[in-house]
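Read-outs: derived from the displayed coordinates by stated rules, not from any lab. Note that the structure is predicted; figures quoted are calculated from it, not measured. Cβ: placed from backbone, ideal geometry, glycine included. Neighbour counts: every protein chain shown.
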Amino acid sequence: MDYTGAEKDIQHICLTRDDSEILFEVVAYLYGHFDAYSWVGIYLVQGDHLILGPWRGKQATEHTKIPLGEGICGSAALSGKTEVIGDVSEDDRYLACFISTRSELVVPLKKNGVVFGEIDIDSDIPDAFSAADIVFLEKIADMLSKHI
């Protein structure tokens with residue numbers, strides 16, 4: 001994986017696109033450039049729920065509105081901490097989206113320390129997310145927080 005190149009490409013997206021296009025283009029980039037990322041979406045906080053924004057994957061998720069604190073996404077939104085689940089079948093919080101999903105990574109988006117959204121990535125591969133994925137996606141979350 002060329003995380004440095006991907007980081008530069010996403011920085012370019014953030015600097016050259018309208019705010020309304022950034023999330024869509026970053027989701028498309030992540031989905032299109034990382035084979036292990038089976039589904040990529042961004043949820044935004046509205047009131048006491050996460051609302052699904054742009055996403056890319058083979059199919060839509062039924063979880064378009066998630067209460068804060070519910071599931072892995074809702075837990076990450078409340079804690080403000082990245083959640084990495086190597087085997088979703090072993091985590092009681094997992095809200096099943098797709099039968100093929102084996103692992104999940106959720107990275108909160110924060111502005112001034114307050115979570116306003118998150119990047120949610122599912123993978124059909126068990127333990128798909130490395131420390132490098134986590135560092136990379138936390139950098140992308142920081143970039144997005146500055147540009148949206």
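Looking at region 81-148 from every direction and averaging, what is the projected area of its Cα convex hull in nm²?
4.8
Normalising by the residue count of the chain, find the relative contact order in percent from Cα pairs under 8 Å and 6+ residues apart.
23
Would you calculate, for the chain, the mean residue ellipticity at 222 nm contributed by helices, counting each DSSP H stretch of 4 or more residues as -39,500 (n - 2.57) and dividing by all residues, to the nearest 500?
-12000 deg cm²/dmol
Report, by chain and number, residues whose modeled amide H sits under 5 Å from the one on Phe116, excluding near sequence neighbours (fewer than 5 apart, same chain).
Amide H neighbours of Phe116, under 5 Å, 5+ apart: Leu109, Lys110, Lys111.
Could you give the Stokes-Einstein D for region 3-147 in µm² per second, using the C-alpha Kirkwood radius, 20 °C, 1.002 mPa s?
The estimated diffusion coefficient comes to 143 µm²/s.
If you stretched the chain out fully between Lys110 and Ile51, how much longer would it get, using 0.36 nm times the residue separation minus the C-alpha to C-alpha distance?
19.7 nm
Rounded to the nearest 0.05, what FRET efficiency is calculated for Glu62 and His12 with R0 set to 30 Å and r the Cβ-Cβ distance?
0.35
Treating only the Cβ of Lys, Arg, Asp and Glu as charged (+1, +1, -1, -1), what charge dipole size does the chain show about its Cα centre? Round to the nearest 20 debye.
420
Give the average over all directions of the projected area of the C-alpha convex hull of region 28-114, one decimal, in nm².
Over every viewing direction, the Cα hull of region 28-114 projects on average to 5.7 nm².
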